[in-house]
Structure formats: C-alpha cells, structure tokens
Amino acid sequence: LQGTTQDCQLPPKTLDKKGPSIRQNRGGEISRKGRDKRLIQESQPRRVSKFSTNNPKNFFLDKILEFQSALHLQSLCPLDQVQNHKICVCVRKRPLNKRDVRAKEVDIITVATQNCIVVHEPRQKVDLTRYLENVKFRFDYVFDSHADNDLVYRFTAQPLVQAIFEGAMVTCFAYGQTGSGKTHTMGGTCSGKSHEGSHGIYALAARDVFELIIQQRYQSLNLAVFAAYFELYASKVFDLLNGKARLHVMEDKRGQVHVVGLKEILVTDASQILSLVNAGNCNRTTGQTSMNTNSSRSHAIFQLILRPKSLHPGCPVPVHGKLSLIDLAGNERGADTASSDRQTRREGADINVSLLALKECIRAMSENQTHQPFRGSKLTLILRDSFVGERARTCMIATISPALSCCEHTLNTLRYADRVKELPLEGETEV
Ligand code: ADP
Ligand code: MG
C-alpha cells in the first residue's frame, strides 16, 4: 500500500483524544484514535492473534498492528518536493532481512508519514505487565523499508551535488548501528564477495557530476573532477587509493586543513569512479565483504572534488567545490569503551569522540556560531571546510534496523539524529 503517488496524497486521519498514546521524543503526550483498518504494518505478517499474548513477541506485534491500523501510513515518493536544507537530517529504515526472519524478529518501527517515525519500545511494569511505549520522532525525511537508494539519493545527496557546482563544500554522512544499512546506502548492494555499487550514493553522485559538468551553465567554469578515498581508523588516516599509505593531517597558517599526500585521481567518467571505489574497498581495514567485523570500526570518506582545469600542469589549483560522502563507523562501537581488550577500548573511545564532535560541529553550523568545535576530532578537523562558510551544507542519513532486538541501538541513533537538528514536534502533521 505504500510508495505510490496516490498514497502520498492521502490526507492524515483526523484523530480524537482517545486511543493509542504516543510519547513524543522530547516529552509531552498526545493521544490518537482511528478506525481505518485498511493500512497495516508494511513488513510483518498480517496476523493479529487473539491467543498469542503468552508469547511476548506476539503480544507486542499485536499491539503494534493495532496501533498501525488506526493510521493512514504515508511514505515518501519520487514526486514529493525536495527541499533545500542547509542541514538535512533524515532516517532510513531497512527491511527485516533473512536472518531477522529466521530469528522471528518483530518489526518495531512505524514510518507514519514522510517525516514522522514511531519506535514501539517494549516495556514492562514493576508488576510484570507488558506494554508498548510509542516514541515519536520527526526529521526532514523518513524513508521506509520500501525506499530504494535512488529515492534516498534524490532527497539527500542529489541537492548537494548541484551545490558543489555553485562553489559549496558539502558532506553527507551515513550514521547508525553496524548492520543497519550505512554501506548499502553509500556504496550500494553487497552480496557475498561481489559488490554492485552502481546504485549506491557514491555512484549516483558521480553520475550527476558528469551530467552537470557538460551543462551549458557550468561549461564556462572549465572544471575537472578528482576523486579521493581514505579511511580514518583509530585517528590514523589511510589512503585507500594509494596502497593504504598512512597520511598526516596538517593545518596551515591560514587555518586550512590538509591531508598531506592524499592521492586525488583525475576522473573523466562515472564508471571510472565505480572502479576506484571497488579498488579502495579492497584496501579497507577489513575489505568491504567482511564488513560487519572491522570496517564498522573505521570511517570511510569518499570525496569528489571540482577544480578549474590547470593551465600550468603541476601548479596547485584551488578547490571550486567538494562533496564528501562518509560511511561512518558503527555507532554502537562507541560503547566498546568498557571492553577488556585495550585496542577495542581505544577504538571505541575514538569513535565516541569523533561522533560527538561531529554532532557538535553540525549544531554549531546550524546556529551560525563563529566558534566551530571542529578540532574536537580528526574526523571533524579533516572536514573543517565543509562546516564553515556561507555555502557549507550537510546531510545526515541515520540508518536503523527494524528489529525488536535492536531497539536500544535504534533509539540511540534516533536520539543522536534528533540532537543534530531539533525539529519542533508541535504543529506537524498528525499521526
Ligand atoms: P552497515 O554498513 O550499516 O553495517 P550494511 O549496509 O552492510 O550495514 O547492511 C547490512 C545488510 O543489510 C547487508 O546485507 C545489506 O545488503 C542489507 N541492507 C541494508 N539496508 C538495506 C536496504 N535498505 N534494503 C535491502 N537490504 C539492505
Ligand atoms: Mg558498513
């Protein structure tokens, strides 16, 4: 029932004061009631068992289905308007996968509207009675499990690609728990050892860069496209396009930050970029395919840089615009600070510091603060030029798993994203 234009135009249901309660993320209580039974949860079996309440999972599933049946669920579709945000924060819910289905996972996420998401958190009272806490969040966009990478790209990175031709420095981050879909979103689908990246954001951005560069309005800029791909692991920078060479970060007298020796490769078509990404992935601290072990401990930064074509080869040419696409380390790794293994503890602490600094930098950017806390971590230091200045723009894609067993991590991810950009909960479309 989701994802069609018609559904997107459905008016929200008018709800009165009784019915399932929703805890708003930043406090406050609103009540809902509805009668439309047509729309039920998108990705779980449509069964509402009257005899299942002994099994906690079935009990919660019944409650979630009851909640959803009172709503007109609405999802984003390609015809919806893309807004021009300086800071855009959105959430992508991945579908339940085979492993989740085998584990009989319950989908505890309801994408209620194009910008509203509800987490059904299973709770228990002191007298052991079970209940669901419905925690509601609002973001610029919310993508349900049917959204493909093309749709996500359209609302997130695509407007940023246009901006770099206007001279902007921009970033787009995938943030979330390991296994929630960061690499799928950024790099495209992975299966076994083969990697099909043509529908990841890296490839879609590259396609648009080469479409825009030949447009009449940008031709006179006489720009060339360069690609760089590097990894940040335990505060150390490794060049993924240059045999994993260790690089150093330096700040010059004018406050400009440089990754010294970073290899920028001149690219002339989008397919070249795919090969570069694939080659770079083989150099990751891990290799992309064993991704849920070690690559979750490092940040991967892929950059497309526009520079005017040099008339004097060998002379440094200023940057016209830069797009940085970042597949962040799994945010649950920040919790590894209590691990008994020293190395893991260090990595955890480092990830924590960089994710906190990132949040602070984006918040400072939204408040147009003159002081930018980008020195708080190597990650934010490297991305300094994308946080300062009139034309800096950023987009955060928070990725979440729908599974009940991931509830705590999902709430952590959504609370982080909510802090990055606090949208008012009042006055929004009702759910
Ligand atoms: P992460 O990079 O956050 O650790 P991955 O991107 O590797 O997570 O995703 C974990 C698994 O889930 C992969 O097999 C991936 O193909 C699959 N997956 C993630 N997001 C989606 C999605 N939106 N649709 C279909 N499969 C997905
Ligand atoms: Mg990954």
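Every residue in the stretch 312-331 that is more than 16 Å from ligand 1 (Cβ to nearest atom) and free of Cβ contacts under 8 Å to residues at least 40 places away in the same chain, please. Write out each step before concluding.
Going residue by residue through the stretch 312-331, those that are more than 16 Å from ligand 1 (Cβ to nearest atom) are 312-324.
Residues satisfying the conditions are HIS312, PRO313, GLY314, CYS315, PRO316, VAL317, PRO318.
Taking the stretch 222-245, which residues are among the basic types (Lys, Arg) and within 22 Å of ASN352 (Cα to Cα)? Within the stretch 222-245, LYS236 is the sole residue that qualifies.
Every residue, every condition in (1) assigned to a helix (DSSP H, G or I); (2) in contact (Cβ under 8 Å) with a residue 24 or more places away in the chain; (3) touching a helix residue (DSSP H, G or I) at 6+ places or on another chain (Cβ under 9 Å), yes or no:
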{"position": "ARG333", "(1), (2), (3)": "yes, yes, yes"}
{"position": "THR337", "(1), (2), (3)": "yes, no, yes"}
{"position": "GLY348", "(1), (2), (3)": "yes, no, yes"}
{"position": "ASN352", "(1), (2), (3)": "yes, no, yes"}
{"position": "ALA357", "(1), (2), (3)": "yes, no, yes"}
{"position": "ILE362", "(1), (2), (3)": "yes, yes, yes"}
{"position": "GLN369", "(1), (2), (3)": "no, no, yes"}
{"position": "ARG375", "(1), (2), (3)": "yes, no, yes"}
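Residues of the stretch 273-325 being part of a loop (DSSP other than H, G, I, E, B) and at pLDDT 90 or above, which ones?
SER298, VAL319, HIS320
Of all the listed residues (LEU241, LEU266, LEU232, LEU262), the sole one being more than 23 Å from the chain's Cα centre (by Cα), assigned to a strand (DSSP E or B) and aliphatic (A, V, I, L, M) is LEU266. When ASP336 is tested against (1) within 16 Å of ligand 1 (Cβ to nearest atom); (2) within 16 Å of the chain's Cα centre (by Cα), exactly one condition is not met: (2). Residues that are within 17 Å of THR413 (Cβ to Cβ), within 16 Å of ligand 2 (Cβ to nearest atom) and touching a residue at least 24 places away in the same chain (Cβ under 8 Å) do not occur anywhere in the stretch 69-88.
One line per residue, one yes/no per condition, for (1) at positive phi; (2) near ligand 1 (Cβ under 10 Å from one of its atoms); (3) more than 14 Å from the chain's Cα centre (by Cα):
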| residue | (1), (2), (3) |
| --- | --- |
| PHE143 | no, yes, no |
| ASN149 | no, yes, no |
| ARG154 | no, no, no |
| ALA157 | no, no, no |
| LEU160 | no, no, yes |
| ALA163 | no, no, yes |
| GLY167 | yes, no, yes |
| VAL170 | no, no, yes |
| SER180 | no, yes, no |
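Among the residues of the stretch 367-391, those that are modelled with pLDDT under 90 and small (Gly, Ala, Ser) comprise GLY376, GLY389.
The values are calculated or read from the model by the stated rules, or taken from the named source; none is laboratory data. Predicted, not measured: the structure shown is a model, and the values here were computed from it. For neighbour counting, all protein chains shown are included, and Cβ atoms are generated from backbone atoms with ideal geometry for every residue, glycine included.
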